[in-house]
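Since every read-out is calculated from the coordinates, none of them should be taken as a lab result. Note that this is a predicted model, so its numbers are computed, not measured. Here the Cβ is made from the backbone with ideal geometry for all residues, glycine too, and neighbour counts use every protein chain on show.
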Amino acid sequence: MTAILQTVFDALSLGSLYALGALGIALIFGVMRLVNFAHGDVIAFSIFALLWPSTDVVAAVVAGNLPWFLLIPFVLAMGAGLSVLAEIVVFRRFRNASPATMMIASFALGFVIRYFLLMLFSSRPKSISLLPALSQPVEVLGARIPLLQLITILTTIAILFGLTAFLKRSRFGLEMRAAAENFTMARVLGVRANRVIMGAFALSGALAAAIALILGSQTGTADIQMGTNVMLMAFIATVIGGLGSLPGAVIAGFLLGAASVAMQVSLSIDARPFRDAFVYGAVILVLIFRPQGLLAGRGTKERV
Amino acid sequence: MSNRPSIARRTLATPLILSLLLIAFALVAVAAGSKPFNQTMIDIFLRVTLVVGLYVFVGNSGVISFGHIGFTCLGAYAAAWLTMPPMMKQTLLPGLPEWLIAVQLPYWAAAVLAALWAALWAAVFGKILMRLSGIAASIATFAMLAMINTVYSNWENVTGATSSVVGIPIVRTIWPYLIVAIVAVFIAWGHAISRAGLKLRAARDEPTAASASGIDLPRERLIAFVVSGGVMGLGGALFSHSIGVVTPDTFYLGLTFTTLSMLVVGGMGSLSGAVIGVLVLSTLIQVLRWLEAGVSIGTSTLALPNGVQEIALGIVMIVILAFRPSGLMGNTELNWRRAKTADPGASGQPE
């Protein structure tokens, strides 16, 4: 029983990370059809913003010593700021480009961010202690799970509810949903394109920063590669969920997390190293049967 | 119609010009005669092979594939299996079948077999994946790449898992690489003007009209996928001979994005674009590397700090794409007469 509960918590917390990532990618895809490959590097940047540039192994923490109620907004602001900056400096010039061109441009931007970090911090992972109070285990229904895992899950749920409320209730959210549905039409009806797109980038950047906080406190290291894996899984989740569909992205993120953990537990020892191959095989299967994704966005159907 | 020259004659100029361009690069390398420069040239020809292989599928079908480097991985390991001395295979990769441990082929024969091996797998994967289109197809190809990488990174006694497989004979002259690059260009050209290639490009530009005229899109895509998988496998085989070592991570995201970027910067819809993209970006990378190593001006040495090379490369790519969103060549091909578009039906002149 406790083992099952433990597994469920593992699946939920891994799924939370993927879901947050998928949401960040889906938000931007919704408003400008951009598959943002720089997302993973925004994650890494947000965590490195806490450190003083140096190539030592033990990081010289500057902003990381802030109390948590300042630290968290600081990191979120860093992620959102970088993301908005990327929109203004780079992506604004690609509004009318083909998706392939935009994607390569976002990849090039991610490359620039990553090597900028490498120049300042070197490629070695650094040990940081971020919110150390969270690594203590707590007991839930007899299972001992790290407090952080619990907080990850709860925060994700809170973010999801908050975001839903924001998108459904506020005027800005309404504009954003309209833009995601049909961008041209929304503009004709008076939605300000630049503001909506910048809003989407800011939200996406803040989500990336939230992932950075979770990953940073989970692993205790800051690594310039840390965002890559989450970004790829999130990217897959957005497609499986149905591009342009935010609930789809979240559901698919949790599904991917659950699938990874389930396979980890159920595969035999010999097959376990090949876990990811099975997960990716499952991804291909889902796409074969539902190429438009689990919850297809209404605007993404191919028109003839 | 009948008195128009055949499509092969009208478009033959493109592969010829591209081959001359590659030969010119090779002659520069020979004239320079330095060893590191030789290696740089070999890298460039390998990238030309890979990017042209990628073009065969991506350019003609319009579907971005993240998975083609998986075929390069298959080709590279196949070449390693076929050319390593049996003694080394016995100790390093004991899981290989007996007959495979016993054989040791010359590198060119192994490269041909490696290409066929990669093409075979492209046919297997393509049969499943080519039913998809758009971004779903792209993600599915990425999943394929990740599957191949996971298998090769973990199958200890057949692929040596993540540790490097050493002992592959190294080929140091540039000529085999030049020849393979030119062969790749001609394969791509031959496919593009073949019935299958023309149908595929028609479907890329006008999917509805194409399917109304009876074009079986999955079938044409599969043909392109297999041909390009074979070229990628060939490139992979030569890749393993250029450095003598293979690891699964050599053939993963890094190489995928390098090759895709070169294709998109050059111009996704054009064979000339594929080659020009490699030549332009590789030249740029080389110049930046020299600057990073330091250039002596008078008595002082001017050197860029580490990482600037990649940052500059990224910025240049963004700038090129911002000004020419469809790549340097757009949809045009190089031809003897300037300002002639390659696709007979396409209109519009290059600026």
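Working note: Cα atoms of region A:2-300, range along each principal axis, descending, whole Å: 55, 46, 35.
3J(HN,Hα) along region B:240-253, derived from phi through the Karplus expression 6.51 cos²θ - 1.76 cosθ + 1.60 where θ = phi - 60°, amounts to 5, 7, 6, 10, x, 9, 10, 9, x, 6, 4, 10, 9, 4 Hz, with x in place of Gly and Pro. Springs between Cα atoms under 10 Å define the GNM used for chain B, and in it the highest mean-square fluctuation of B:Leu217, B:Leu145, B:Leu288 occurs at B:Leu288.
For region B:1-138, dividing the convex hull volume of the Cα atoms by the residue count gives 190 Å³ per residue.
Binning the alpha carbon pair distances of region A:223-267 at 5 angstrom intervals from zero yields the distribution 5, 24, 23, 20, 17, 10, 2, expressed in whole percent.
The average projected area of region B:8-249, computed from the convex hull of its Cα atoms over all directions, is 13.5 nm².
With a simple spin-label model that places each label point 7 Å from the Cα along the Cα-to-Cβ direction, the separation between A:Asn96 and A:Phe74 comes to 4.4 nm. Within the listed set B:Ala119, B:Ala146, B:Ala76, the Gaussian network model of chain B (springs between alpha-carbon atoms below 10 Å) gives the highest mean-square fluctuation for B:Ala146. Say we join alpha carbon atoms closer than 10 Å with springs in a Gaussian network model of chain B; which of B:Phe257, B:Phe71, B:Phe142 then has the biggest fluctuation? Maximum among the listed residues: B:Phe257. Average 1/r across all pairs of distinct alpha carbons in region B:68-188, invert it, and you get the Kirkwood radius: 15.8 Å. Give me the log10 of I(q) over I(0) for region A:187-245 at q = 0.13 Å⁻¹, as the Debye formula computes it from C-alpha points; what are the numbers? Taken in order of the listed q values, log10 I(q)/I(0) reads -0.50.
Here's how it looks for B:Val246: its modeled amide H is under 5 Å from those of B:Val165, which are all 5 or more places away or on a different chain. Spacing of the modelled spin labels on A:Ala262 and B:Ile23, each 7 Å from Cα toward Cβ, amounts to 6.0 nm.
Find the Cα radius of gyration of the protein assembly as shown, compare it with 2.2 N^0.38 Å by division, and give the number to two decimals.
Cα Rg divided by the expected 2.2 N^0.38 Å: 0.98.
The calculated 222 nm mean residue ellipticity attributable to helices in the protein assembly as shown amounts to -23000 deg cm²/dmol, summing -39500 (n - 2.57) over DSSP H runs of n ≥ 4 and dividing by all residues.
Proximity of backbone amide H atoms, modeled 1.01 Å from N, is registered between B:Gly267 and B:Leu328, B:Met329 at under 5 Å, excluding neighbours fewer than 5 places apart on the same chain. Length available on full extension from B:Phe323 to B:Trp108: 0.36 nm per residue minus the Cα-Cα distance, which gives 73.2 nm.
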